[in-house]
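First the structure, in the form of structure tokens, and then the observations on it.
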Amino acid sequence: MKVFLSYSLKEDPLVNEIANAISPHAEVFYWEQSQTPGEPVWDSIYRWIDNSDLVLAIITDNTVSRAMSVGQEIGHAKARGKLIIPLVTSEVKISDLGFLSEITYQRIDPINPEPALAKVVHRIQEHKQQMLIKNLSITVGIVILVFGLIVVATQDTE
């Protein structure tokens with residue numbers, strides 16, 4: 001399971017706490033931790049989003065007032081059909097969420113983020129299990145298809 005964190009650069013302490021809570025359950029990608037000097041910025045970010053199974057959008061008053069890049073990241077994730085979980089601090093009004101207001105969000109208290117993070121970790125584990133079941137179903141389907149082709153091929157040679 002891979003998770004991309006979208007956030008305003010002013011939120012580093014909260015982002016680090018979120019990343020630390022999630023990293024035992026998923027591989028976490030975010031700018032401060034994952035950047036590679038010399039790489040084109042947006043190519044890297046879009047690659048992380050494309051390779052992610054889930055995107056956490058950390059929305060604070062800083063994000064709403066200044067972070068155009070978070071909007072670009074979320075737009076890219078939405079266009080790719082990624083599961084997006086907005087983590088929204090209490091000072092952010094629902095009317096400020098834009099198209100994210102259509103997605104069930106999780107309120108997070110930067111001073112006491114543990115209750116919100118427990119819910120997010122639970123959702124990550126659920127999503128991981130859903131992906132595992134989906135991949136297993138695809139694998140079983142392929143095995144049945146191959147078996148059927150073998151049966152048909154052996155009947156044709158008789």
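Can you tell me which residues in region 89-100 are part of a helix (DSSP H, G or I) and out of contact with any strand residue (DSSP E or B) (no Cβ under 9 Å at 6 or more places or on another chain)?
Hits for region 89-100 are Ser95, Gly98, Phe99.
Could you tell me how many of the residues in region 14-42 are more than 17 Å from Lys78 (Cα to Cα) and in a helix (DSSP H, G or I)?
Here the count works out to 14.
If I filter region 79-88 down to residues being assigned to a strand (DSSP E or B) and more than 11 Å from the chain's Cα centre (by Cα), which single residue comes out as farthest from Ile49 (Cα to Cα)?
Going through the qualifying residues, I end up with Val88.
Looking only at region 65-88, count how many residues are touching a strand residue (DSSP E or B) at 6+ places or on another chain (Cβ under 6 Å) and of a type in the set (D, E, K, R).
Total satisfying the criteria: 2.
Going by the conditions given, is Gln129 surrounded by 11 or more Cβ atoms within 10 Å (Cβ to Cβ), without any contact (Cβ under 8 Å) to a residue 24 or more places away in the chain, part of a helix (DSSP H, G or I) and not β-branched (Val, Ile, Thr)?
Yes: the conditions hold for Gln129.
Looking at Ile142, Ile138, Ile133, Ile108 in this structure, which one is of a type in the set (A, V, I, L, M, F, W, C) and under 20 Å from Val55 (Cβ atoms)?
Exactly one residue qualifies, and that residue is Ile108.
Quick check on this structure: which one of Ile45, Ile74, Ile84 is in contact with a Pro (Cβ under 9 Å, 6 or more places away or on another chain) and on the phi < 0 side of the Ramachandran plot?
Result of the check over Ile45, Ile74, Ile84: Ile74.
Within region 63-78, identify whether any single residue is closer than 18 Å to Ala19 by Cβ, among the hydroxyl-bearing types (Ser, Thr, Tyr) and outside any helix (DSSP H, G or I), and answer yes or no.
Checked against the condition, which is being closer than 18 Å to Ala19 by Cβ, among the hydroxyl-bearing types (Ser, Thr, Tyr) and outside any helix (DSSP H, G or I), region 63-78 yields no hits at all.
In region 59-102, what residues are at pLDDT below 85 and of a type in the set (Val, Ile, Thr)?
Scanning region 59-102 gives Thr63, Val64, Ile94.
Identify all residues within region 1-23 that are touching a residue at least 40 places away in the same chain (Cβ under 8 Å) and of a type in the set (S, T, N, Q); write none if there are none.
Ser6, Ser8 - these are the residues of region 1-23 that are touching a residue at least 40 places away in the same chain (Cβ under 8 Å) and of a type in the set (S, T, N, Q).
The values are calculated or read from the model by the stated rules, or taken from the named source; none is laboratory data. None of the values given here were measured: they were computed from a predicted structure. Because the Cβ atoms are built from the backbone with ideal geometry, glycine has one as well, and the counts that use them run over all protein chains shown.
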